[in-house]
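Engineer: Have a look at this one before I ask anything.
The values are calculated or read from the model by the stated rules, or taken from the named source; none is laboratory data. Predicted, not measured: the structure shown is a model, and the values here were computed from it. Cβ: placed from backbone, ideal geometry, glycine included. Neighbour counts: every protein chain shown.
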Ligand SMILES: NC(=O)c1ccc[n+]([C@@H]2O[C@H](COP(=O)([O-])OP(=O)(O)OC[C@H]3O[C@@H](n4cnc5c(N)ncnc54)[C@H](O)[C@@H]3O)[C@@H](O)[C@H]2O)c1
Ligand SMILES: [Fe+2]
């Protein structure tokens, strides 16, 4: 990994080592929010490289990954060259697209075939991640979260992890305040869920405590180096859950995402606000952060949903067994009953 203000300018040198074939090219996946931004001009494109503007209005779907992978293969046939690397530049959604496309260039079938744990057969092509939002920890995790035809579930594998990350705090400086808050709270909630979970070990605790301290500084006592801190908080928070798990909030947020299309960061915030019984201190502090940043959460989101849709949300949440077990221990089923989860959703 490289870290530091302005380090994006090192990307060309970093990729030079990977340009081992004369008939090879790099694929840059850039969040289309930057289509008119100077960052686009600074992407170090070389001859034969291709830059694809990706749209993340919807969080990544397996169908979108399949389309992007097919486009890259068609491009490779066209220029008679081989993809040497996939570089994702954007928020967690774009990072996940880059991970997934790099996997699907070397594995047959659809991305939906690999949603689950350790189903990937062949290593991905080289892939690098460059965040423009901080909080998800997607830059360090071994998953790419995808919505498929039946489920919202990651492709979890050792091959999913980026080969290289470039953490340049200048790239998150212009993120809209609300989005920055929601994505930042993803990190804060990772820390709370990891540190209060039953899976906690010293590895997770060490990274989780550091990430939590940094989140507190960024959101309660901001200063000129807040972007640097938030970027490292996201990294440490991601490392913390790598060896533990998230918990109740993330399980509920996946249900909200699947049925309502609510994005991960905001979905987490919506759910977390109703979880004082599970995370009393965390929710209290989260509300202080919301006050300080004048955040108004959307309410009454489930009011117009059908019974079937609410049941689907409960199903999606309950599939995430490791999350419940981390939060509530081996007897979690006695606490997280369908009725209990339904009641929580109905409050949202
Ligand atoms: N792989 C993992 O471990 C992991 C973990 C948590 C979340 N996720 C995934 O990450 C996604 C959420 O990521 P996110 O919260 O970073 O947001 P995002 O990538 O979904 O982006 C949110 C919005 O912000 C815009 N944006 C991004 N960077 C910007 C910038 N610098 N300036 C202005 N606008 C910018 C995007 O275009 C988009 O409209 C979800 O798809 C979630 O499933 C993955
Ligand atoms: Fe998260």
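Engineer: Could we say that residue 149 is assigned to a loop (DSSP other than H, G, I, E, B), at pLDDT below 95 and more than 10 Å from ligand 1 (Cβ to nearest atom) here? Lay out the reasoning, then the answer.
Structural biologist: Details: assigned to a loop (DSSP other than H, G, I, E, B): yes; at pLDDT below 95: yes; more than 10 Å from ligand 1 (Cβ to nearest atom): yes.
Yes, satisfied.
Engineer: Exactly one of these conditions fails for residue 173: (1) at pLDDT 95 or above; (2) within 16 Å of ligand 2 (Cβ to nearest atom). Give me its number.
Structural biologist: Residue 173 satisfies all of (1) at pLDDT 95 or above; (2) within 16 Å of ligand 2 (Cβ to nearest atom) except (2).
Engineer: Just for segment 205-226: of the residues that are touching a residue at least 24 places away in the same chain (Cβ under 8 Å) and either under 18 Å from the mean Cα position of the chain (by Cα) or within 16 Å of residue 283 (Cα to Cα) (or both), which one is surrounded by the fewest Cβ atoms within 10 Å (Cβ to Cβ)?
Structural biologist: 220
Engineer: Out of the helices (runs of 4 or more DSSP H) lying entirely within segment 237-319, which hold 3 or more residues that are within 14 Å of ligand 1 (Cβ to nearest atom), at negative phi and at pLDDT 95 or above?
Structural biologist: Numbers: elements: 248-260, 264-272, 280-292, 307-319.
In segment 237-319, the matching helices (runs of 4 or more DSSP H) lie at 248-260, 264-272.
Engineer: For residue 84, indicate whether it is away from ligand 1 (no atom under 16 Å from the Cβ), part of a loop (DSSP other than H, G, I, E, B) and surrounded by 13 or more Cβ atoms within 10 Å (Cβ to Cβ). Before you say what the answer is, go through the steps one by one.
Structural biologist: Working: away from ligand 1 (no atom under 16 Å from the Cβ): yes; part of a loop (DSSP other than H, G, I, E, B): no; surrounded by 13 or more Cβ atoms within 10 Å (Cβ to Cβ): yes.
It is false that residue 84 is away from ligand 1 (no atom under 16 Å from the Cβ), part of a loop (DSSP other than H, G, I, E, B) and surrounded by 13 or more Cβ atoms within 10 Å (Cβ to Cβ).
Engineer: Answer yes or no: is there a residue in segment 29-41 that is surrounded by fewer than 23 Cβ atoms within 10 Å (Cβ to Cβ), away from ligand 2 (no atom under 16 Å from the Cβ), in a loop (DSSP other than H, G, I, E, B) and within 19 Å of the chain's Cα centre (by Cα).
Structural biologist: Among the residues of segment 29-41, not one is surrounded by fewer than 23 Cβ atoms within 10 Å (Cβ to Cβ), away from ligand 2 (no atom under 16 Å from the Cβ), in a loop (DSSP other than H, G, I, E, B) and within 19 Å of the chain's Cα centre (by Cα), which makes the answer no.
Engineer: Out of segment 306-331, which residues are buried (at least 19 other Cβ atoms within 10 Å of the Cβ) and either under 20 Å from residue 280 (Cα atoms) or touching a strand residue (DSSP E or B) at 6+ places or on another chain (Cβ under 6 Å) (or both)?
Structural biologist: Listed by number, the residues that qualify are 323, 324, 325, 326, 327.
Engineer: Is it the case that segment 4-17 has a residue that's outside any loop (DSSP other than H, G, I, E, B), surrounded by fewer than 18 Cβ atoms within 10 Å (Cβ to Cβ) and in contact (Cβ under 8 Å) with a residue 40 or more places away in the chain? Steps first, please.
Structural biologist: Within segment 4-17, the first condition is being outside any loop (DSSP other than H, G, I, E, B), and the residues that meet it are 7-16.
Retained after the next criterion (residues that are surrounded by fewer than 18 Cβ atoms within 10 Å (Cβ to Cβ)): 9-10, 12-14, 16.
Next, only the ones that are in contact (Cβ under 8 Å) with a residue 40 or more places away in the chain stay: 10, 14.
Yes, there is a match, as at least one residue in segment 4-17 is outside any loop (DSSP other than H, G, I, E, B), surrounded by fewer than 18 Cβ atoms within 10 Å (Cβ to Cβ) and in contact (Cβ under 8 Å) with a residue 40 or more places away in the chain.
Engineer: Right, here's the next one. Scan segment 53-77 for residues that are within 14 Å of ligand 1 (Cβ to nearest atom) and either crowded, with 17+ Cβ neighbours inside 10 Å or free of Cβ contacts under 8 Å to residues at least 12 places away in the same chain (or both) and report the count.
Structural biologist: 9
Engineer: Residue 102 is checked against (1) in a helix (DSSP H, G or I); (2) touching a helix residue (DSSP H, G or I) at 6+ places or on another chain (Cβ under 8 Å) and fails just one. What number does that condition carry?
Structural biologist: For residue 102, the failing item is (2).
Engineer: Is it fair to say residue 167 is in contact with a strand residue (DSSP E or B) (Cβ under 6 Å, 6 or more places away or on another chain) and more than 14 Å from ligand 2 (Cβ to nearest atom)? Walk me through it before giving the result.
Structural biologist: Numbers: in contact with a strand residue (DSSP E or B) (Cβ under 6 Å, 6 or more places away or on another chain): yes; more than 14 Å from ligand 2 (Cβ to nearest atom): yes.
Judged against the criteria, residue 167 is a match.
Listed here are the residues, each with its yes/no results for (1) under 13 Å from the mean Cα position of the chain (by Cα); (2) more than 16 Å from ligand 2 (Cβ to nearest atom); (3) in contact (Cβ under 8 Å) with a residue 24 or more places away in the chain; (4) closer than 13 Å to residue 154 by Cα.
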position: 87; (1), (2), (3), (4): no, yes, yes, no
position: 98; (1), (2), (3), (4): yes, yes, yes, no
position: 106; (1), (2), (3), (4): no, yes, no, no
position: 111; (1), (2), (3), (4): no, yes, yes, yes
position: 114; (1), (2), (3), (4): no, yes, yes, yes
position: 121; (1), (2), (3), (4): no, yes, no, no
position: 131; (1), (2), (3), (4): yes, no, yes, no
position: 134; (1), (2), (3), (4): yes, no, yes, no
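Engineer: Only residues that are away from ligand 2 (no atom under 16 Å from the Cβ) and touching a residue at least 60 places away in the same chain (Cβ under 8 Å): list them for segment 232-273, please.
Structural biologist: Step one: filter segment 232-273 for residues away from ligand 2 (no atom under 16 Å from the Cβ), giving 232, 259-261.
Selection gives 232, 261.
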